[in-house]
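The structure appears right after this line, and notes come after that.
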Amino acid sequence: MTRSQRITIGILSFIAFSLATALGIYAYQSLRTVAQTPLGPALPFIPTKSLPPTWTPSPAPAATEVAEATLAPTMPLPTERSGPLCGGPMLMNVLVIGADTRGDNYTYGLGDAIRLVRVDFMTPKVSVLEFPRDLWVEIPHIEDNLNGQDYEKLNQAYLYGQPGFKYWDDPSEGSGLTALTLNKNFGVNIDHYITVNMRTFEHIIDAIGGIEVEILNEEVAKTANLSIGTHLLNGAQALKLARNRTGGIFERADNQNLVLCAVRKKLTSPQIVTQIPALIETFQDNIRTDFTPEQLGQLACLGTQMPPENILLASFPSDLFKTTRVFDPVFDKRISIVEADFDILSDFVARFQAGTWPVPAPTDTSSAIDEEDAASICQ
């Protein structure tokens with residue numbers, strides 16, 4: 001090989017290497033762009049709202065009292081880690097809505113289940129707060145369409161924001177209007193949302209091979225056409241259990257928490273955890289969310305590293321609510337609603353978002369922790 005040939009080959013090799021490097025950088029940047037692109041419209045800008053409570057709850061137990069109680073342990077923060085797990089933010093508040101739309105579309109539907117999820121990437125820890133769907137609340141942007149009426153049930157905020165009604169013109173639709181309603185009435189601050197309709201919920205449960213639940217309540221078992229004991233439920237059965245209204249709204253929330261814990265347990269099982277990226281890709285077009293694929297991956301990563309005892313399921317104390325009836329001009333009749341002191345609920349919300357409420361329910365009956373401060377744990 002002559003010297004000129006070697007020079008030519010060297011130049012061509014350099015050009016080929018440069019092209020390959022450029023293509024690699026372009027492909028990486030393209031993938032990063034896709035990974036960081038939200039899967040749906042972002043929430044509208046909602047100024048941080050701080051409602052001064054007019055009610056002061058019982059003071060939290062002193063540190064010594066808590067230390068004496070036998071509480072479910074939390075995962076200690078490793079000393080060598082100075083930042084959040086899985087590349088996530090320190091904290092994230094997520095609105096999760098289960099819509100009662102039975103078809104594959106999101107044109108209509110009520111907010112059948114409404115949860116505020118506080119995700120702590122530092123501890124790590126996840127706290128879930130249930131909002132009763134029948135709360136009589138002020139819903140922004142609907143009065144022009146309802147002859148000046150701006151109060152309806154909380155679950156209708158989602159309906160009125162959907163394309164079928166479109167009582168407000170924002171791309172985030174019912175999810176965004178529900179977030180705005182929760183902020184206006186209770187001072188809830190929300191970073192992201194995930195909304196799933198009933199059909200998609202069933203498909204997700206079926207895709208992970210069903211969920212295992214233990215049913216101990218005879219009335220719940222009877223309504224779900226099951227017996228007392230442990231059952232492997234398919235998507236349709238899991239949905240039926242989650243929507244079971246036997247016993248009232250608070251028992252229904254307990255049934256939904258039972259299903260949520262079972263889903264969490266299945267998703268972190270060895271046979272499913274490796275399939276999570278594929279599951280996300282499969283269902284990302286069938287849910288409504290403003291998460292990016294990268295953020296969904298962060299949540300999936302966190303779920304695999306978090307012990308069950310760090311998942312707290314909370315509801316407002318039931319004695320804060322009263323079931324009553326009001327006349328609703330929309331339906332031209334008296335309807336059943338749930339009333340409560342919103343200042344008290346807002347105080348609970350503020351403590352929830354600060355991470356000071358709830359605390360794990362103690363196993364020691366001598367614990368000084370108030371019942372209203374305790375939460376159930378995903379086992």
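The figures follow:
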read-out	value
Any hit, region 338-348, residues being modelled with pLDDT under 95, in a helix (DSSP H, G or I) and aliphatic (A, V, I, L, M)	no
Qualifying residue in region 328-348 (condition: buried (at least 16 other Cβ atoms within 10 Å of the Cβ) and within 16 Å of the chain's Cα centre (by Cα))	no
Failed item, numbered, when V126 is tested on (1) under 22 Å from E339 (Cβ atoms); (2) modelled with pLDDT under 95; (3) among the β-branched types (V, I, T)	(1)
Qualifying residue in region 275-294 (condition: hydrophobic (A, V, I, L, M, F, W, C), surrounded by 15 or more Cβ atoms within 10 Å (Cβ to Cβ), in a loop (DSSP other than H, G, I, E, B) and in contact with a helix residue (DSSP H, G or I) (Cβ under 7 Å, 6 or more places away or on another chain))	yes
Check on L302, aliphatic (A, V, I, L, M) and either farther than 16 Å from M92 by Cβ or assigned to a strand (DSSP E or B) (or both)	no
Residues located in region 200-218, provided they are in a helix (DSSP H, G or I), small (G, A, S) and touching a strand residue (DSSP E or B) at 6+ places or on another chain (Cβ under 9 Å)	none
Test: N189 is over 15 Å from I97 (Cβ atoms), in a helix (DSSP H, G or I) and in contact (Cβ under 8 Å) with a residue 24 or more places away in the chain	no
Number of the exception - A221 against (1) of a type outside the set (S, T, N, Q); (2) assigned to a loop (DSSP other than H, G, I, E, B); (3) more than 25 Å from F291 (Cβ to Cβ)	(2)
Given (1) out of contact with any Asp or Glu (no Cβ under 9 Å at 6 or more places or on another chain); (2) at pLDDT below 90, number of the condition A253 does not satisfy	(1)
Check on I114, closer than 21 Å to L260 by Cβ, among the hydrophobic types (A, V, I, L, M, F, W, C) and at pLDDT 95 or above	yes
Evaluation of T323 against (1) in a helix (DSSP H, G or I); (2) exposed (fewer than 14 other Cβ atoms within 10 Å of the Cβ); (3) touching a strand residue (DSSP E or B) at 6+ places or on another chain (Cβ under 9 Å) (one fails), failing number	(1)
Residues within region 326-336 that are assigned to a strand (DSSP E or B) and either farther than 16 Å from G247 by Cα or charged (D, E, K, R) (or both), tallied	6
Any hit, region 136-145, residues being modelled with pLDDT of 95 or more, in contact with a helix residue (DSSP H, G or I) (Cβ under 8 Å, 6 or more places away or on another chain) and part of a strand (DSSP E or B)	yes
Residues that are of a type in the set (A, V, I, L, M, F, W, C) and in contact with a Phe, Trp or Tyr (Cβ under 9 Å, 6 or more places away or on another chain), drawn from region 170-201	L177, A179, L180, L182, F186, V188, I194, V196
Test set (1) under 15 Å from the mean Cα position of the chain (by Cα); (2) crowded, with 21+ Cβ neighbours inside 10 Å; (3) of a type outside the set (A, V, I, L, M, F, W, C) - Y106 fails condition number	(1)
Residue selected from region 349-363 under the condition part of a loop (DSSP other than H, G, I, E, B) and either of a type in the set (V, I, T) or in contact with a helix residue (DSSP H, G or I) (Cβ under 8 Å, 6 or more places away or on another chain) (or both), by the criterion modelled with the lowest pLDDT	T363
Selected residue (criterion: farthest from E212 (Cα to Cα)) from residues of region 226-266 that are free of Cβ contacts under 8 Å to residues at least 40 places away in the same chain, outside any loop (DSSP other than H, G, I, E, B) and of a type in the set (K, R)	R252
The listed residue being assigned to a helix (DSSP H, G or I), out of contact with any Asp or Glu (no Cβ under 7 Å at 6 or more places or on another chain), at pLDDT 90 or above and buried (at least 20 other Cβ atoms within 10 Å of the Cβ), out of T195, T181	T181
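The values are calculated or read from the model by the stated rules, or taken from the named source; none is laboratory data. All figures in this text were calculated on a predicted structure; none of them were measured in a lab. Methodologically, a virtual Cβ is constructed for each residue, glycine included, from the backbone with ideal geometry; neighbour enumeration extends over all protein chains shown.
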